[in-house]
Amino acid sequence: MHTNEPIIMSSAPTSCSRRCLNLLEKCKNMKHLKQAHAQAFTCSLTNNSYTLSRILAFCSHPTHGNLHHARKLFQHIQNPTICIYNTMIKAFLLRDQIFEVFNLYVTMLQNGMYPDNYTLPYVLKACAKFESRFLGELVHGYCLKLGFGDIIVANSLILMYSSGVFSDMRAARYVFDEMPSPCVVSWTLMISGFAKVGDVESARLFFDRALRKDRGVWGAMISGYLHNNCFKECLYMFNVMQLDSIVPDEGILLSIICACAQLGALDSGIWVHRFTERLGLHRSIRLITGLIDMYAKCGNVDLAKKLFDEMPQRDVVCWNVMISGLAMHGDAEGALKLFTEMEEAGFKPDDVTFIAIFSACSYSGMAYEGLRVLAKMCNVYGIEPKSEHYGCMVDLLSRAGLLEEAKEIIERMPVGSSSSEEAVAWRALLSGCCNQGQAQLAEVAAEKLLQLEVHSGVYALLSNLYATTGRYDEAKRIKKMMRNRGIYKLPGCSSIKINGIIHEFVAGEKTHKQLQDIEFILQKINKELRFLECYSNPVLVDHT
């Protein structure tokens, strides 16, 4: 059926109902649906529950439906069935009209109808979206009262408790333990839930206990490691998954590409790139964008640009990633040129685009160019600056030595900005003051920061500034203040990949297995450097 063809009903009364229902399944737009609905009157199907539910389902479709029409039709149904209620509840849920979901649910209960195993998952998802713990527990109690042991309802409860404002894995675990036979979806939800709250150990325990590990279970564990910055473990799990003959999907590959980017594991990233080509996923915009980001972060910006230029289709995200990649490598002119090409191609830049441009200008000391782009963001595209933009502009002006101008930018921040957003800007100013050796303004920024948050970085920056400017007593005072307040600086961490093995080093720790060999080689290199220094400077050579 073509979209512009009218729907013609058969005149045979015996086949009228069958023909009408068949046409309802073939509708492609609201015009077709209204024609089919009109024919339903001639076939005496206006009170038929299945017919009404199919019409409502089409009207409530997010793309080609009309929720207003569905609402009007529902209001004229005298005795809606549970199926019709479920169709409308789902429609409102898909459109994020959460209050309407609750209103329909309450109306259904007031009319003496009991929810079924389709109603309750929809309502529980609405509770999760609404982030109402009270309503969620109320519906959970009603589930227990009705004696629902349905696996879909139980999974919806786990999803609700492990998401958003709930983050209550104890309650989710209670629901899981009450299930007679959890399915793979149940295991996946528990693994994802524990990973979201940062409990990777419990997530791994659930993963190991899962009797059946499908792609979803593996993906949840890999994504969990990535979410908690366990990048080495992420790659390890991917290797083990391949030994289990599980073919990864796009989501898993994106996680692995991101882990490679964070570790700087270029060899592994290249292997994943070739693997995506073997799977026929090399044309996916999301995967190519991830690969561009990975190559840029691993230092191969030329290959990232080559991939970008060869993309058959692009979206705003891939433009942003490529601009950020150029900015990361200090190519401000290239980033600005790409920004112009993005505009000429008809893509509207978003707030992330401008953060990338500001970063590029900051790295290259192009303060006035950055201010020009800021004016364009506000006046041409009507984008209200966020805390990230203010932070970037403060960093940009601070690097250029325009510290007072940077302070003025902070003072222009909206009154409604949160303390964390304001802290981002003051931290950027403090860092700039330390780089420029401006102790007086640095003290002002540090004082503001300490009012907004307790962060070891503030003390560390201020202490280093005092030390570099010769104010050693002040530096000692700051360190003593840190100890008295129980604030400790998180140790730095670095990683390197040698012969396919990623080695991590944490400042102050001596846990690496080859640490003695490393220290021996470093001492040997140090002696060689001292010898070369003495040899190149005859005054230092002892001729006795």
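Just a yes or no: is a residue in region 200-214 in a helix (DSSP H, G or I), in contact (Cβ under 8 Å) with a residue 24 or more places away in the chain and of a type outside the set (Asp, Glu)? For region 200-214, residues in a helix (DSSP H, G or I), in contact (Cβ under 8 Å) with a residue 24 or more places away in the chain and of a type outside the set (Asp, Glu): present. Summed over region 1-34, the residues that are modelled with pLDDT of 75 or more, part of a helix (DSSP H, G or I) and open to solvent by less than 50 Å² (accessible area, probe 1.4 Å) give a count of 3. Listed by first and then second residue, the pairs linking a residue in region 103-129 that is without any contact (Cβ under 8 Å) to a residue 40 or more places away in the chain and under 26 Å from SER163 (Cα atoms) to a residue that is outside any helix (DSSP H, G or I) and aromatic (Phe, Trp, Tyr), with Cβ atoms under 8 Å apart and 6 or more places separating them unless they lie on different chains, are ASN117/PHE148; LEU120/PHE148; ALA128/PHE166. Of all residues in region 245-292 being among the charged types (D, E, K, R) and outside any helix (DSSP H, G or I), which is surrounded by the most Cβ atoms within 10 Å (Cβ to Cβ)? The residue in question is ASP249. Annotation: SER181 fulfils all but one of (1) in a helix (DSSP H, G or I); (2) under 21 Å from ILE152 (Cβ atoms); the unmet one is (1).
Looking across region 188-198, the residues that are over 15 Å from ALA171 (Cα atoms) and at pLDDT 95 or above come down to THR188, ALA195. GLY136 fulfils the conditions (1) under 28 Å from the mean Cα position of the chain (by Cα); (2) surrounded by fewer than 22 Cβ atoms within 10 Å (Cβ to Cβ) except for a single criterion, (2).
Restricting attention to region 258-314, the residues that are without any contact (Cβ under 8 Å) to a residue 12 or more places away in the chain and under 25 Å from GLU233 (Cβ atoms) add up to 4.
For region 54-64, state whether one or more residues are of a type in the set (Ser, Thr, Tyr), open to solvent by 30 Å² or more (accessible area, probe 1.4 Å), at pLDDT 75 or above and assigned to a loop (DSSP other than H, G, I, E, B). Among the residues of region 54-64, at least one is of a type in the set (Ser, Thr, Tyr), open to solvent by 30 Å² or more (accessible area, probe 1.4 Å), at pLDDT 75 or above and assigned to a loop (DSSP other than H, G, I, E, B), which makes the answer yes.
Selection of region 61-93 for residues being within 17 Å of THR107 (Cβ to Cβ) and among the small types (Gly, Ala, Ser) yields ALA70, ALA91.
Does region 168-186 hold any residues that are closer than 14 Å to PHE134 by Cα and not charged (D, E, K, R), and which are they? Outline the logic, then answer.
Narrowing region 168-186 to residues closer than 14 Å to PHE134 by Cα: 168, 171.
Selection gives ALA171 alone.
Conditions tested, residue by residue: (1) modelled with pLDDT of 90 or more; (2) surrounded by fewer than 16 Cβ atoms within 10 Å (Cβ to Cβ); (3) farther than 23 Å from THR119 by Cβ; (4) aromatic (Phe, Trp, Tyr).
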residue	(1), (2), (3), (4)
GLU131	no, yes, no, no
CYS143	no, no, no, no
SER163	no, no, no, no
ARG170	yes, yes, yes, no
ARG173	yes, no, yes, no
ASP177	yes, yes, yes, no
SER186	yes, no, no, no
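Filtering region 293-315 to residues that are under 22 Å from ASP249 (Cβ atoms) and open to solvent by 20 Å² or more (accessible area, probe 1.4 Å) leaves ASP293, LEU307, PRO312, GLN313, ASP315.
The values are calculated or read from the model by the stated rules, or taken from the named source; none is laboratory data. All values reported here derive from a predicted model rather than from experimental measurement. Please note: Cβ atoms are built from the backbone with ideal geometry, for glycine as well, and neighbour counts cover all protein chains shown. Just so you know, the surface numbers come from the protein's heavy atoms only, side chains and all, with ligands and any DNA or RNA stripped out. Shrake-Rupley method; radii C 1.70, N 1.55, O 1.52, S 1.80 Å.
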